[in-house]
1. With the structure loaded, tell me whether TYR83 is hydroxyl-bearing (Ser, Thr, Tyr), touching a residue at least 24 places away in the same chain (Cβ under 8 Å), closer than 19 Å to ASN200 by Cα and part of a helix (DSSP H, G or I) or whether it fails that test.
2. Give the residue that is nearest to THR61 (Cα to Cα), with candidates limited to residues of segment 184-232 that are touching a Leu at 6+ places or on another chain (Cβ under 7 Å) and of a type in the set (Val, Ile, Thr).
3. Select from segment 31-40 the residues that are assigned to a helix (DSSP H, G or I) and over 18 Å from PHE236 (Cβ atoms) and write down the one among them that is farthest from the ligand (Cβ to nearest atom).
4. One residue is enough: does segment 271-294 have a residue meeting the conditions part of a helix (DSSP H, G or I), over 21 Å from PRO362 (Cβ atoms), at pLDDT below 95 and more than 16 Å from the ligand (Cβ to nearest atom)?
5. Given the conditions (1) under 17 Å from the mean Cα position of the chain (by Cα); (2) surrounded by 18 or more Cβ atoms within 10 Å (Cβ to Cβ), report the number of the one that TYR373 does not fulfil.
6. From the list ASN118, ASN148, pick out the single residue that is more than 27 Å from GLN173 (Cβ to Cβ) and of a type outside the set (Lys, Arg).
7. Report, ordered by the first and then the second residue, all pairs with beta carbons closer than 6 Å, sequence separation of six or more or different chains, a first member in segment 11-32 that is surrounded by 10 or more Cβ atoms within 10 Å (Cβ to Cβ), and a second member that is assigned to a helix (DSSP H, G or I).
8. Identify, from the list LEU63, LEU59, LEU73, the residue that is within 19 Å of the chain's Cα centre (by Cα), more than 23 Å from ALA404 (Cα to Cα) and surrounded by fewer than 13 Cβ atoms within 10 Å (Cβ to Cβ).
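The values are calculated or read from the model by the stated rules, or taken from the named source; none is laboratory data. Fair warning: this is a prediction, and the values are worked out from it, not measured in the lab. Because the Cβ atoms are built from the backbone with ideal geometry, glycine has one as well, and the counts that use them run over all protein chains shown.
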Amino acid sequence: MSKLLKEKLSTQIPALREEAKSIAKNHGSKVIGEVAIEQLYGGMRGIKGLICDTSEVGLQTGLVIRGIPILELTEKLPEEIFYLLLTGSLPNAEELNDLQNDLHSRSEVPAYVWDVLNAMPVDSHPMAMFSTAINCMEKESEFRTAYNKGISKDKIWEPMYEDCLNIIARVPQIAAFIYRKKFNKGDMIPPDHNLDWAGNFAMMLGIDDKDGTFSKLMRLYLVLHSDHEGGNVSAFTCLVISSALSDAYYSISGALNGLAGPLHGLANQDCLKFILKMRDDIGHSPTDDEVRKYCKNLLDSGGLVVGYGHAVLRITDPRFTAFLDFGNKNFPDDGVFKMVAQLFEIVPDLLKEQGKAKDPWPNVDAASGSTLYHYGLKEYDFYTVLFGVSRILGFSSQMIVARAMGSSLIRPKSVTTDWIKKEIAKG
Ligand code: HAX
C-alpha cells in the first residue's frame, strides 16, 4: 500500500490547518463581496462562497491546477495530476511509481457490482449505471466504519483518503465494463497491472489502438477533465454531500448525477449528437455558408449551440485548444473533427451577433467527442462516463482536502420571494 502520498499529506496538513485558523481568527470579519438579487435568480453566479485550493478557473485563463495552467500539463499522466491536485506539487518518479502500485493493489472490484449492473434495465443510461455502481459499493466505506467507531475529527480525512483511493483504483474497470456491456462489445477485458491508470482503462475499453494514440488520447482526456474548481454543479454537489460527513461513495455518486445534466457534463454527448445531426441535415463536408446558416437558424429558433458558452470562462477553453491540437496532430482530415474546427471559426461570431451568451467561445465539450469518434468510440451516450472517470480525481482531492481542513457543514441561507419584495420596498 502506498505510503508516500499519504505521508506527504500528513506532513502538509498541520500547517494548512494553522493557516486557515489564523486567517479566520485575524481576518474573519473582512467583507469580500456583496450579493445582488439577480444573483439569487441567476444560479448564484459569481457569489464567492467556497474555498477550493485544488484548482481555479479564471475568466481569462481557464483551468489552472495548483498554479500551473492546464496547457502546461497535457503531457502528464492523470495519476500525476491527482498527486498535484492533492499536494500542490507533481510527484517524482518514486512517488509516481508508489501511487501507481497502490492503485493497482486496490483495483479489485467487488463481484456484486457486476451483478448490480447486469440487473439494470438494458436501456439504462451509462451515467445511471456508473453512479449506481459507485453508490452500491458504499458498504466498503472505511470512513463509515471509522466514524461508527468514533474516529476523532482531526483524523477523519484519513478514511476519506482510503475510500477515494479505492474508488479511483476501481473506476476504470467499472466504466469499461459498462461500455462493453451496454454496447454489446463482448466480455470484460481483465486489467493489466503493468499499465498506467489511463492506459489500462484504454486497453479495457477494447478500442483498436495499434499505434497507441488512443491510449494517448485517454491520458489527455483524463487529465483535461480532472478538476474545474469548486462551484460547478458536480464538484459543488460533491462538497455539499460530503460536508454532511457522508462518505465518498455517497458523495461521488451524487456528484455524477449532477455531471449527467445536459448543461454540464452531458454536453459532450449532446455536442457530438449536434454535429452528426448537422452532417445528416446538410451533408458531409458542408461549406462555411451552410454551417453558418444552419447555426443561425438554430439560434433564431431559440436553440442552444452545445459546446459553446460557459458559466465562468470568457475565453476559448484551453481544454478545447488541447483537444483541437491533438486532432490537428493526429487526424486533421477526419470529417467530424473538421466540422469541429469549422464551427470554431463560425459560432463565436454568431453568438456575439445574437448578444445573449456572455461567453461566445467553445468549452471543453465542443471538441472532446469528435476525438473519441475518430477512434471508433461512437457510442456518445458513454462520453459523460469518461468525463466522470476523470473528474473523480478532482472530486476526491477536493473532499480529502475539505476533510483535512475540518470544513464545516455547507448550509447557505435561503430567502422567500416575500422577503425579497420587502427588501426592494425599503428602497
Ligand atoms: N447557445 C445558445 N444560447 C446560449 C448559449 C449557447 N451555446 N450559451 C448561453 N446562451 C444563452 C443562455 O441560454 C441564456 O439565454 P436566456 O437569457 O434566454 O436564458 C443567455 O445566453 C445567457 O446565458 P449565460 O449567462 O451566458 O450562460 P450561463 O452561465 O447561464 O450558462 C452554459 C452557461 C454553459 C450552461 C450555457 O452557455 C449553455 O447552455 N451552453 C451550451 C451547453 C454547454 O455547452 N454546456 C457545457 C458547459 C461546460 C461544462 O460544464 N461542461 O461540463
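1. Here the answer is yes, as TYR83 does meet what is asked.
2. Taking the candidates together, the pick is VAL223.
3. By that ranking, first place goes to ILE37.
4. The answer is yes, given that some residue of segment 271-294 is part of a helix (DSSP H, G or I), over 21 Å from PRO362 (Cβ atoms), at pLDDT below 95 and more than 16 Å from the ligand (Cβ to nearest atom).
5. Tallying (1) under 17 Å from the mean Cα position of the chain (by Cα); (2) surrounded by 18 or more Cβ atoms within 10 Å (Cβ to Cβ), TYR373 fails exactly one: (1).
6. Only one candidate passes the filter, namely ASN148.
7. Short answer, once both residue conditions are applied: ILE13/ALA404.
8. When all the criteria are applied, what remains is LEU59.
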